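Input: a single structure, listed below in structure tokens.
The values are calculated or read from the model by the stated rules, or taken from the named source; none is laboratory data. Remember, predicted model here, so these are calculated numbers, not experimental data. Don't worry about glycine lacking a Cβ; one is built from the backbone with ideal geometry, like all the others, and counts go over all protein chains shown.
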Amino acid sequence: MRWRKSSYSNTGGGECVEVAMPPDGVLVRDSKLGSSRIRIAPASWARFTAELRASGVERPNKEWAVG
């Protein structure tokens, strides 16, 4: 499974949020916590990234978009 690091994570590797997209959902983890992660339904992830785009707070990586 391929994990992608947030563009806002620091370069030292200490504060990284990563996302992976298996077929059955979206996984999000904090790289400091190792195997701890949360699974998000694809529809919920799509709503979340759409809200970010609409708010102007963050421009999500196009590769992370679902739907």
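Yes or no, residue by residue, for (1) modelled with pLDDT under 85; (2) of a type in the set (S, T, N, Q); (3) surrounded by 16 or more Cβ atoms within 10 Å (Cβ to Cβ):
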| residue | (1), (2), (3) |
| --- | --- |
| SER6 | yes, yes, yes |
| CYS16 | yes, no, yes |
| ASP30 | yes, no, no |
| ALA43 | no, no, no |
| GLU58 | yes, no, no |
| VAL66 | yes, no, yes |
Restricting region 45-56 to residues that are modelled with pLDDT of 85 or more and of a type in the set (D, E, K, R), the residue that is farthest from ARG2 (Cα to Cα):
GLU51
